[in-house]
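Worksheet for the structure shown next.
The values are calculated or read from the model by the stated rules, or taken from the named source; none is laboratory data. Quick caveat, the model's predicted, so the values are computed rather than measured. All Cβ positions, glycine included, derive from the backbone under ideal geometry; neighbour counts span all protein chains shown. These area figures cover heavy atoms from the full protein model, side chains too; ligands, DNA and RNA do not enter into them. Shrake-Rupley method; radii C 1.70, N 1.55, O 1.52, S 1.80 Å.
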Amino acid sequence: MSYLLHIDSSSLGEASVSRQVARSFRDQWQGPVVHRDLAASPVPHLTAAGITAGTTDPARRTPEQAAAAALQDELIEEFLGAGAYLFTVPMYNLSMPSVFKAWLDQVIVLDRTMSHTGTSPAAGRPAVLISARGGGYGPGSPKEGLDYVVPTLEAVLGHDDLLGLDVTTVIPELTMAPVAPALAPLLPLHEASMAAAHDQARRLATTIGTARAA
């Protein structure tokens, strides 16, 4: 059985709700894990050298292009070597942490991890996306429609023309309710959301792990 690739991106360390829910998944997971913490060790943003390296003869690459290509090779090989994925991506200012976007831009490469004429080599592999947020952005909430994390990542990670993963999303909401007076009336909803998220994470770890081992 190949490994679980766990990509963390929250800057809050152990205080991160996304990481806490991911821990419930990891505690239930049976099998090897490769963990990359982008907050502790961010990957560089994509540069001109990285973009042009793929269309340049390796023998003619500049030192900058060679270094950029080596980094992409490392990240892509790590991505393609996994049989399942756990992405910890909280909402920051309605979008994803920049460190996670930087990782995506290094990993999504035409004819290596995606194809416009076929399927991704990773197509159909299970992926769990955990995305905590301080407020509520679901149907009927005042901020409905302002979530630019989950819809974007479900498309990028799961669309057939991109990575093609089989994505399941876990969303712990209202994480600011314990500390923001204005959200205090919503504390019971936050607590229910947290309990449901941890339970869903555990169940997904068991279900995916069992399916991978079969």
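Here region 105-125 is the region considered, the condition is being under 27 Å from A205 (Cβ atoms) and in a helix (DSSP H, G or I), and the residue that is farthest from the chain's Cα centre (by Cα) is Q106. Within the set T62, T55, T88, the sole residue that is among the β-branched types (V, I, T), farther than 18 Å from L157 by Cα and modelled with pLDDT of 95 or more turns out to be T62.
Each residue in region 2-55 was checked for being touching a residue at least 24 places away in the same chain (Cβ under 8 Å) and β-branched (V, I, T), and 6 pass.
Only one of the numbered conditions (1) more than 14 Å from the chain's Cα centre (by Cα); (2) of a type in the set (V, I, T); (3) open to solvent by less than 20 Å² (accessible area, probe 1.4 Å) is not met by V150, and that is (1).
Farther than 27 Å from A49 by Cβ, touching a residue at least 40 places away in the same chain (Cβ under 8 Å) and more than 10 Å from the chain's Cα centre (by Cα): does that describe A102? It is false that A102 is farther than 27 Å from A49 by Cβ, touching a residue at least 40 places away in the same chain (Cβ under 8 Å) and more than 10 Å from the chain's Cα centre (by Cα). Is region 126-139 home to any residue that is at negative phi, in a loop (DSSP other than H, G, I, E, B), surrounded by 15 or more Cβ atoms within 10 Å (Cβ to Cβ) and among the basic types (K, R)? Within region 126-139 (the criterion being at negative phi, in a loop (DSSP other than H, G, I, E, B), surrounded by 15 or more Cβ atoms within 10 Å (Cβ to Cβ) and among the basic types (K, R)), the answer is yes, since at least one residue qualifies. Consider region 1-55 and keep the residues that are open to solvent by less than 70 Å² (accessible area, probe 1.4 Å) and acidic (D, E). The one that is farthest from the chain's Cα centre (by Cα) is D37.
Looking for whichever is under 14 Å from G136 (Cα atoms) and either open to solvent by 30 Å² or more (accessible area, probe 1.4 Å) or of a type in the set (S, T, Y) (or both) here; the options are A211, A184, A195. Which one fits?
A184
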